[in-house]
1. Take the residues in the stretch 38-66 that are touching a helix residue (DSSP H, G or I) at 6+ places or on another chain (Cβ under 8 Å) and in a loop (DSSP other than H, G, I, E, B); name whichever of them is surrounded by the most Cβ atoms within 10 Å (Cβ to Cβ).
2. Residues in the stretch 50-58: is at least one charged (D, E, K, R) and in contact with a Gly (Cβ under 8 Å, 6 or more places away or on another chain)?
3. Being buried (at least 17 other Cβ atoms within 10 Å of the Cβ), more than 8 Å from the chain's Cα centre (by Cα) and under 19 Å from ARG47 (Cβ atoms) is the filter here; which residues of the stretch 1-32 pass it?
4. Checking the condition farther than 30 Å from ALA6 by Cα and modelled with pLDDT of 95 or more, which residue from ILE32, ILE80 passes?
5. Filter the stretch 67-95 for residues that are open to solvent by less than 50 Å² (accessible area, probe 1.4 Å) and either in contact with a Gly (Cβ under 8 Å, 6 or more places away or on another chain) or not in a helix (DSSP H, G or I) (or both); which is farthest from MET22 (Cα to Cα)?
6. Kindly indicate the residue of the stretch 33-53 that is over 21 Å from the mean Cα position of the chain (by Cα) and basic (Lys, Arg) and also farthest from VAL76 (Cα to Cα) among those meeting that condition.
Amino acid sequence: APTHVAMIAGMTAGIVEAATCMTPMHCIQIKIQQDSLSDRQRFRGIRHAITCIVAEDGIKQGLYAGLGPTVLKQAVNSCIRFTSMNELTKWRHQS
């Protein structure tokens, strides 16, 4: 694939990954870690944590806090990864 196609594909993959998986999982992970350090733990498991977080903070603040920076980071990261792999594969097939 041409270089610009690999770049666009990588950026798109990074954006989708950040919006659907990474940001919600990081938010949940951080809140569970903070809860485990407290003297009185609220969460009894992952499902209970997600339910409590969404009930208290809502979906937008509870699961998607920090979405912007995560999207930027993942878009650039995936763009570089896809483009590098594409170029290395083209180079390998030429030799």
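1. PHE43
2. yes
3. CYS27, ILE28, LYS31, ILE32
4. Exactly one residue qualifies, and that residue is ILE32.
5. The extreme case among them is THR83.
6. It comes out as ARG40.
The values are calculated or read from the model by the stated rules, or taken from the named source; none is laboratory data. Keep in mind that what you see is a predicted model, and the values were worked out from it rather than measured. Cβ coordinates were reconstructed from backbone atoms using ideal geometry, including for glycine residues, and neighbour counts include every protein chain displayed. Side chains included, ligands, DNA and RNA excluded: accessible areas come from the protein's heavy atoms. Shrake-Rupley method; radii C 1.70, N 1.55, O 1.52, S 1.80 Å.
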